[in-house]
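Data block below; observations after.
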Amino acid sequence: MPLSQRARSEFAAIIVVVTFVAIVLGRTQYHKNWSAAFETIGAGDTEEVVLNKLGSPTAREMPDRLYPGYALESCIAPCAERLWYENLIPGIEAWSVSLTSERRVLETYHWVSP
């Protein structure tokens, strides 16, 4: 028995809503787990430890190039590079990990747009 046009539209709307809810819930859980991993990173940790816990960064900021959107000044000595991890929606929230020239964590920071 074929579905009516209305039934197909309602079925499609349900699929869209369920998919959206699943994405939001999945992203929320990912964010929670990822934030917990970020909190375990401390000064002196190696870049390898950071990458193992957080994965590849969204961007890498060198001292001569400010990564736009969060920090007001670029990475300056003793910072040799700043790793950026942005939220799903860029410009809203990000985390940064500043590394020394020895590739060790200098500082971490959680940035939130007002």
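The values are calculated or read from the model by the stated rules, or taken from the named source; none is laboratory data. Worth saying up front: this structure is predicted, and the values here are computed from it rather than measured. Note: ideal-geometry Cβ built from the backbone for every residue, glycine included; neighbour counts use all protein chains shown.
Take VAL49 and tell me if it is modelled with pLDDT of 85 or more and part of a helix (DSSP H, G or I). Walk me through how you get there before you give the answer.
Numbers: modelled with pLDDT of 85 or more: yes; part of a helix (DSSP H, G or I): yes.
Yes: the conditions hold for VAL49.
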Of all residues in the range 52-75 being under 17 Å from THR100 (Cα atoms) and basic (Lys, Arg), the one that is modelled with the lowest pLDDT: ARG65
Could you please tell me which pairs satisfy a Cβ distance under 8 Å, a separation of 6+ or placement on different chains, a first residue in the range 97-114 that is on the phi > 0 side of the Ramachandran plot, and a second residue that is modelled with pLDDT of 95 or more and assigned to a strand (DSSP E or B)? ARG103/THR46
Tally of residues being closer than 22 Å to ASN52 by Cβ, part of a loop (DSSP other than H, G, I, E, B) and either over 15 Å from the mean Cα position of the chain (by Cα) or at pLDDT 95 or above (or both) across the range 76-114: 6
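Looking at the structure I just gave you, is TRP95 aromatic (Phe, Trp, Tyr) and touching a Ser or Thr at 6+ places or on another chain (Cβ under 9 Å)?
Yes; evaluated as a whole, the condition is true for this residue.
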Checking the condition in contact with a Lys or Arg (Cβ under 7 Å, 6 or more places away or on another chain) and among the polar types (S, T, N, Q), which residue from SER96, SER101 passes? SER96
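Is it fair to say VAL24 is out of contact with any Ser or Thr (no Cβ under 8 Å at 6 or more places or on another chain), modelled with pLDDT of 90 or more and of a type outside the set (Ser, Thr, Tyr)? Let's see the steps before the verdict.
Values: out of contact with any Ser or Thr (no Cβ under 8 Å at 6 or more places or on another chain): yes; modelled with pLDDT of 90 or more: no; of a type outside the set (Ser, Thr, Tyr): yes.
Taking the combined requirement at face value, the residue does not satisfy it.
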For LEU25, all conditions in the list (1) part of a helix (DSSP H, G or I); (2) under 15 Å from the mean Cα position of the chain (by Cα) hold save one; what is the number of the exception? (2)
Selected residue (only one of ALA59, ALA80 is within 21 Å of ASN33 (Cα to Cα), surrounded by 14 or more Cβ atoms within 10 Å (Cβ to Cβ), out of contact with any helix residue (DSSP H, G or I) (no Cβ under 7 Å at 6 or more places or on another chain) and free of Cβ contacts under 8 Å to residues at least 40 places away in the same chain): ALA59
